[in-house]
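See structure below.
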Amino acid sequence: MKVGMDHQTKATPLDEEVKKYLIRDEHQGPSNEKRPYKIVYDDIVGRHMVAARDIKPGEIIFKESPITFGPTDATKPICLGCYKRIKSHGLTCDRCHFPMCSRQCQDIPEHAEYECQVFQERGFRVRSQEIKFDDETPIYGIVSVIRGLLLRKKHPEKWDLLWSHMSHHEKRKRSHYWRQKTNVIIDHVKAAMILEEKDVETLEIILGIFLVNTFEVSIEDRSVEVETAPEASIQALFGLASMPSHSCVANCTHDFSSRKSGYVMTMRSLTHINKGEDITHSYTEPFDPLLQRQALLQVGKFFSCQCPRCSDPTELGTYASALKCRKCGKGNVISSDVHEIEAKWVCENQDCPQEMGTIQIRNIYQAAKGQAESLDPSESNPSGATIPKFEAFIKKYANILHPNHVILTDRKYVLAKMYGRMTGYEAHQLTDEQFKRKRDLCREVLQVLDQIMPGRTRKRGLVEGMMMYELHLPLVMLANRALERGPNPGTDPKEIKKNLKDGLSYLRKGLEILSDEPAGTFEQKIVEGSKESLVQLEQWVTTVCTNLK
């Protein structure tokens, strides 16, 4: 994603005041002499960020506080002070009646001195009794845009930086979909604050800036293992963070500090980045297929991705969006032109005439996704689906989707964790074949990760760390059972030793990766609970490998 002021006719390539703001020490980045990035401009791509020197994996590129932040229009009800999820009627702000979780939260400046203040001037109060706490609540969509507009008077320097972002204003005006979305929010804003007519277009531009440039900050309970999407989220706009280009296989990743710390973003390198190379991050999810990623970027960000993954119909050899060809039974069905979103999909076997339209591809994906999501925990089925149902789903779609398809990979990830944990499938109850199934599932997931999630992102860390942790169990258990059976023609001492050593190695690596997670999270609980097991396994592996001949 490139940055520029498309709504300003007299915008310069890099306004000096904006430039001064971007590089000031407040961003907590390295000093000028050692800063690993620089912002450059050209007429084709606009502003973007490149490496000022060679950058090693894991380096901090920069840290940055948000220009502004607030709820999205797709969030379920949250407190506008601390942003915790609110799930039932209760306390509301004395002044504007938005749901709050405490009196302290209603007086936090981001709320009290921004939207709440203009609500009072207008005499606007939210009808909190009409809010449905289990649904997305569009009225929250006015908060962020109002906060953005108020920066013009309250913080002119931040306003200049906000206004310097790309908005794709004209493209959005030509889109029926975005006109409708924009009009709904503008109507809500008009009802909630005193607004001059000339500010309507300004609000439309701010909405475009937020659409194209904000980052989602998820609000979730990390103390338990969660497989479903978070119920609430906020959006945050940054200055520096809008400068890197997008890539679905980015060389950088980002994370956020806590609400108490102000949602400071830390951008880190994932891989080695050569001097002069683009610094990239991703707006897409690695487990989204090609058509969904391209649609999201074209509709929401107004560009087509040309990254290495999206430019290769095999997606770096993973076939992560491919279908099995049911006509010849030999090839895989992939896009005939990845640079054209509506291009036909064809069998890569040149002797096969199979062709499929994108509507067919999307329908198959939506059907598979719907059935995959039905396996997750829900209110009617809190524990989620059973292992047999997961296996039945994978067996069914193994005849339709490539084995590495993102939907199958995601379900394999969940299923691998179920073996050894679920009632009736606990570790001591698993057969050798079931342990081998768990082992193979872990390996298949890790193989795909290496290509579509390079480096050590937080998301990859969670998946990779858990898979390595899970993989150690079948390797160690299969080795131990072979030892218990004693010498026989089917038992190879070398294989036993290898399985034990590999199991120990995977446990160490998995715990090392998961140890990066914050205190109190489910993953940290695994790390803490596995310390004694790790010591015992180290001793056991040493004993067996020393004595087994």
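Figures for the structure shown
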item: Residue among ILE359, ILE407, ILE387 that is of a type in the set (Val, Ile, Thr) and within 24 Å of the chain's Cα centre (by Cα); result: ILE407
item: Flag for PHE119 being more than 26 Å from the chain's Cα centre (by Cα), crowded, with 16+ Cβ neighbours inside 10 Å and not in a helix (DSSP H, G or I); result: no
item: Selection from the range 97-116 of residues that are surrounded by fewer than 20 Cβ atoms within 10 Å (Cβ to Cβ) and part of a loop (DSSP other than H, G, I, E, B); result: HIS97, CYS101, SER102, ASP107, ILE108
item: Test: LEU291 is at pLDDT below 95, part of a helix (DSSP H, G or I) and surrounded by 17 or more Cβ atoms within 10 Å (Cβ to Cβ); result: no
item: Selected residue [among the basic types (Lys, Arg), closer than 25 Å to ASN480 by Cβ and surrounded by fewer than 18 Cβ atoms within 10 Å (Cβ to Cβ)] from LYS436, LYS396; result: LYS436
item: In the range 189-213, residue nearest to the chain's Cα centre (by Cα) [restricted to those that are closer than 20 Å to THR280 by Cα and modelled with pLDDT of 95 or more]; result: PHE210
item: Members of the range 460-512 found to be hydrophobic (A, V, I, L, M, F, W, C), within 23 Å of the chain's Cα centre (by Cα) and at pLDDT 85 or above, listed by number; result: VAL463, MET466, MET467, MET468, LEU511
item: Test result for GLU444, assigned to a helix (DSSP H, G or I) and surrounded by fewer than 13 Cβ atoms within 10 Å (Cβ to Cβ); result: no
item: Test result for GLU115, of a type outside the set (A, V, I, L, M) and closer than 16 Å to PRO71 by Cα; result: yes
item: All strands (runs of 3 or more DSSP E) inside the range 30-96 with 3 or more residues being at pLDDT below 95; result: 37-42, 46-51, 60-64
item: Inter-residue pairs, beta-carbon under 8 Å, first at negative phi and assigned by TED's automatic domain parsing to the domain that holds LYS87 and in the range 110-133, second among the basic types (Lys, Arg) and crowded, with 19+ Cβ neighbours inside 10 Å, 6+ apart; result: GLU110/ARG147; TYR114/ARG147; GLU115/ARG147; PHE133/LYS76
item: Of all residues in the range 295-332 being hydroxyl-bearing (Ser, Thr, Tyr) and within 20 Å of the chain's Cα centre (by Cα), the one that is surrounded by the fewest Cβ atoms within 10 Å (Cβ to Cβ); result: SER304
item: Matching residues in the range 381-414 - criterion: being over 18 Å from LEU430 (Cα atoms) and of a type in the set (Val, Ile, Thr); result: ILE394, ILE400, VAL406, ILE407, THR409
item: The range 529-549, residues that are surrounded by 12 or more Cβ atoms within 10 Å (Cβ to Cβ) and either of a type in the set (Gly, Ala, Ser) or within 26 Å of the chain's Cα centre (by Cα) (or both); result: SER530, SER533
item: Matching residues, the range 174-204, being of a type outside the set (Ser, Thr, Tyr), within 24 Å of ALA295 (Cβ to Cβ) and either surrounded by fewer than 19 Cβ atoms within 10 Å (Cβ to Cβ) or in contact (Cβ under 8 Å) with a residue 60 or more places away in the chain (or both); result: ARG174, HIS176, ARG179, GLN180, LYS181, ASN183, VAL184, ILE185
item: Lone qualifier among THR314, THR253 - being in a loop (DSSP other than H, G, I, E, B) and not assigned by TED's automatic domain parsing to the domain that holds GLN104; result: THR314
item: Output for the range 53-93, where each listed residue is of a type in the set (Val, Ile, Thr) and either more than 19 Å from LEU211 (Cα to Cα) or surrounded by 21 or more Cβ atoms within 10 Å (Cβ to Cβ) (or both); result: ILE55, ILE60, ILE61, ILE67, THR68, THR75, ILE78, ILE86, THR92
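The values are calculated or read from the model by the stated rules, or taken from the named source; none is laboratory data. Since this is a predicted model, take the numbers as computed values, not measurements. Every residue, glycine among them, receives a Cβ derived from its backbone with ideal geometry; neighbour counts consider all protein chains shown.
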